[in-house]
Structure formats: C-alpha cells, structure tokens
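Have a look at the structure below before the remarks.
The values are calculated or read from the model by the stated rules, or taken from the named source; none is laboratory data. Since this is a predicted model, take the numbers as computed values, not measurements. Cβ placement follows ideal geometry from the backbone for every residue including glycine, while neighbour counts extend to all protein chains displayed. Accessible surface is based on the protein model in full, side chains and every heavy atom, while ligands, DNA and RNA are left aside. Shrake-Rupley method; radii C 1.70, N 1.55, O 1.52, S 1.80 Å.
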Amino acid sequence: MTNNAVPMSQSRTVQSRLVLPPDTNNHNSIFGGRVLAYIDEIAAITAMKHAKGLVVTASIDSVDFLSAAHVGDILEIESIVSSTGRSSMEVYVRVISRNIETGEEKLTTESFVTMVAVNEEGKPVPVPAIYPETDEEKRLFETGPARREHRKQKRALPH
C-alpha cells in the first residue's frame, strides 16, 4: 500500500431508481440501454469522488445482464473503484432489482467501467491508489490486474 492510497470504500456510491413504464420495452422489463445509462452515470460519480475532479468514460469493459427488472421494481445500483492505474480507474457496478410487493431481490446486472481522470483541458491527471478492507473488496482488488491485462490485449487486437 502506498502512502497516498485511500480505502476503496471512500468511493462507494449507491443510487436507487424506480422502474417506470417509459423505461420498459414490450416485455414490460427495463431497456438495457436505460440500465447502461445508469451504470455510466454512477461509474462517473464514483470515479469523480475518487479523483476529486473531472473524469471521462474510457470504456464499458463488460456488462452482464443476468435477470430482468420490471415496472414497479426498485433498482439499487452500487459502485466502487476496484482498481487504479496512473490516471485510470476501474469501477465495478452492481445492479440489484427488488420487487417491492414480494421483497424478492435479484442481481440483474454486473459491469466494469474504465474511467480516466482529466483536467479542464481534457488531459489525463494522476489518481490516488486504493486498498481493500472487506473480503468483497479484496476479491475485486486482487482480480483487477487480470482484467487490466485482458483490456490491454483487447486493445492490441487489429480492428
């Protein structure tokens, strides 16, 4: 752990959203694009809290839609900076849907988003390192280098 490292929990952000009819498709479940917008927004807020400044989305590295959320469900969206580079931050986002009538909760979406801290001119600026405190944070932190290597290899592929 470096001297300027901060706990991962310092960046943790939680939002709640109600799934409304305009947010849904003909299956009465939320549009994936709407969930992506929520993911991008909370990842940016989380990264801004960590960087204490401006950020931009570099990539949405993975999005796994695991189950549907329907009209009337409450979405609980939680995120945390799970890994850092010099100016980049990997943000883990988890979306849980809760049926208010039955109380049933399900993991609907998991995602990793890469954000980059920038100055007013849009140039990358350094961010503090992080360290984990809980078992879940340790798992995310320890698996971060493998995800970073995967992103690096993906970028190296011819397009």
Looking for whichever is more than 24 Å from Arg147 (Cα to Cα) and at pLDDT below 95 here; the options are Asn3, Asn99. Which one fits?
Asn3
Given (1) open to solvent by 60 Å² or more (accessible area, probe 1.4 Å); (2) of a type outside the set (Lys, Arg); (3) under 14 Å from the mean Cα position of the chain (by Cα); (4) modelled with pLDDT under 95, Gly144 misses just (1)
Picked from the range 49-62 (must be more than 11 Å from Val91 (Cα to Cα) and in a helix (DSSP H, G or I)), the residue most open to solvent (accessible area, probe 1.4 Å) is Lys49
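Which residue is farthest from Ile60 (Cα to Cα), if the candidates are limited to the range 113-159 and must be basic (Lys, Arg) and in a helix (DSSP H, G or I)?
In this case the residue turns out to be Lys138.
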Take the range 63-76 and flag every residue that is surrounded by fewer than 22 Cβ atoms within 10 Å (Cβ to Cβ) and not charged (D, E, K, R).
Val63, Phe65, Leu66, Ser67, Ala68, His70, Val71, Gly72, Ile74, Leu75
Failed item in (1) among the aliphatic types (A, V, I, L, M); (2) in a helix (DSSP H, G or I); (3) surrounded by 15 or more Cβ atoms within 10 Å (Cβ to Cβ), with Val93 passing the rest:
(2)
Of these, Arg17, Arg34, which one is crowded, with 16+ Cβ neighbours inside 10 Å, at pLDDT 95 or above and not in a helix (DSSP H, G or I)?
Arg17
